[in-house]
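Q: Once you've had a glance at the structure underneath, I'll fire off some questions.
The values are calculated or read from the model by the stated rules, or taken from the named source; none is laboratory data. Quick caveat: nothing in here was measured; it's all calculated off a predicted structure. All Cβ positions, glycine included, derive from the backbone under ideal geometry; neighbour counts span all protein chains shown.
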Amino acid sequence: MDRNEYLSFVEDYEQRTKQYVKPREEEQEPSTLTVQQEETTFPAEIQRIKETLLETSKHLLFISEGEEPYEFIFIPKEDITELPEDCTQFKSFIKQQDNNNLMIAEEELSSSESNNALKFQEFFDPFTSEFAEDPYGQKDGYKELQKIIEATFHGKENVKVYKIGDYRRVGVYLVGVIKGVGIAGLKTFSIET
C-alpha cells in the first residue's frame, strides 16, 4: 500500500467511525442541569457554587459498571430549609419543580423500593478511604471534592446523596440546601445492570 492509498484508507476509516467515537474529555464542557431557570439568571451565590463544584469535579468520574462525569444541578426554591429525608420524597419534590426534565425516564419510572439515600461518608468512602482502590488516580480529587462540598453546605450533615432508579442508569444526586435560594449540587449516573 503506497502513502496515498494509506492516507485515503485512514480518512475513510475516520469518517465511517466518527459517530461512534466519544469526544475527548478536555473538549467537553461540563454541563448544567437546571429546573425552572436559565443558568444565565442564576443568583450570584449559585453561580459561584456552580463554578467551584464543576472546577473541582471536572476530572473526576463516578465509577460503577461505567465511568460517568458529574453535572451541576440547581433547583430553585426559596422557601426550602432542609432536604427531604428519603429518595421518594426527593423524587416527588423534583417532579413538582421539574420543568426541564432533570430526571431521565429510568429514574421517573423507578419503584420506591429500589431508591436509596446514602450518608455523606458512605458516598465518599469508596473513593477516599485508606483502603479504597484507586485505579483511575482520583483519590486526591475526591478528597478535595469532599472538602469543598462540606464547606459549601456548612457541614456534611447538610448534604444528602440520593440514588434514584431501578437498574441500568441510576441517578446519583449529591446535593445540599442553600437557604433562601434552593437546592444545588452534582448529579451523575451509576451504571448498574
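Q: If I filter segment 100-133 down to residues being charged (D, E, K, R) and surrounded by 13 or more Cβ atoms within 10 Å (Cβ to Cβ), which single residue comes out as modelled with the highest pLDDT? Step through it out loud before you land on a result.
A: Taking segment 100-133 as the starting set, the residues that turn out to be charged (D, E, K, R) are 106-108, 113, 119, 122, 125, 130, 133.
Those still in the list that are surrounded by 13 or more Cβ atoms within 10 Å (Cβ to Cβ) too: 106-108, 119, 125.
Numbers: Glu106: 73, Glu107: 77, Glu108: 73, Lys119: 90, Asp125: 94.
Looking at the filtered set, the residue picked out is Asp125.
Q: Residue under question is Thr152, and the condition is that it be under 14 Å from Gly185 (Cα atoms) and among the hydroxyl-bearing types (Ser, Thr, Tyr); does it hold?
A: It is true that Thr152 is under 14 Å from Gly185 (Cα atoms) and among the hydroxyl-bearing types (Ser, Thr, Tyr).
Q: Take segment 53-77 and flag every residue that is more than 14 Å from the chain's Cα centre (by Cα) and either surrounded by fewer than 17 Cβ atoms within 10 Å (Cβ to Cβ) or in a loop (DSSP other than H, G, I, E, B) (or both).
A: Matches in segment 53-77: Glu65, Lys77.
Q: Looking only at segment 161-175, which residues are modelled with pLDDT under 95 and touching a Leu at 6+ places or on another chain (Cβ under 7 Å)?
A: Lys163, the sole residue that qualifies.
Q: When Glu78 is evaluated against the numbered criteria (1) farther than 25 Å from Thr193 by Cα; (2) at pLDDT below 80, which criterion, by number, is the only one it fails?
A: Here Glu78 clears every test but (2).
Q: To continue, here is another question. Identify, from the list Ser92, Ser31, the residue that is among the small types (Gly, Ala, Ser) and either at pLDDT 70 or above or closer than 14 Å to Tyr173 by Cα (or both).
A: So the residue among Ser92, Ser31 that is among the small types (Gly, Ala, Ser) and either at pLDDT 70 or above or closer than 14 Å to Tyr173 by Cα (or both) is Ser92.
Q: What single numbered condition from (1) under 16 Å from Glu192 (Cα atoms); (2) more than 14 Å from the chain's Cα centre (by Cα) fails to hold for Lys163?
A: Just one mismatch for Lys163, condition (2).
Q: Restricting to segment 159-174, count the residues that are surrounded by fewer than 23 Cβ atoms within 10 Å (Cβ to Cβ) and within 21 Å of Glu55 (Cα to Cα).
A: The qualifying residues number 3.
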